[in-house]
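No lab work stands behind these numbers, since they all come straight from the coordinates. Since the model is a prediction, treat every value here as computed from it, not as a measurement. So basically every Cβ, Gly included, is an ideal-geometry build from the backbone, and we count neighbours across all protein chains shown.
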Amino acid sequence: MNWDEFGIDIKTIESLDTDLLTEIIHKLIEIRNNKFKEMLLNFRIGEKVQWFSKRKRKIIQGIIINVGKVNLKIIAEGNTKWAVHPSFVKKFD
C-alpha cells in the first residue's frame, strides 16, 4: 500500500507510543463500525437482494427478513436462511 497517497507518513506512525497507537486503532474501529451501520440502514425488510456465495460458488437471491446489528437475515431459494454482511449484498428487482 502506498501510504503517501493518503498523506500518511509511515515513519511518524512508527514513532508513536503504544498508548497513542491503541487510541488510534480504537478510533479506526469505531469509524469502520459506523460505516457498517450506515450500510445496514440502506436495507429494509422485504427487499429483494443478491450476493455471491463463495461456499455455493454462485449468486444467491433472497428476501430480507430481518436487519440485525451486524448482518442481514435473508431467506433464499429453498427456504434456506442466511446471515450476510451488508457489504456483500446488492438490491435487485
Residues of region 1-12 being within 16 Å of Ile25 (Cβ to Cβ), over 26 Å from the mean Cα position of the chain (by Cα) and surrounded by 10 or more Cβ atoms within 10 Å (Cβ to Cβ), in sequence order, are Ile10
Which of the residues spanning region 12-64 are in contact (Cβ under 8 Å) with a residue 24 or more places away in the chain and acidic (Asp, Glu)?
Glu47
Could you look through region 64-74, keep only residues that are surrounded by 13 or more Cβ atoms within 10 Å (Cβ to Cβ) and of a type outside the set (Lys, Arg), and pick out the one that is farthest from the chain's Cα centre (by Cα)?
Ile65
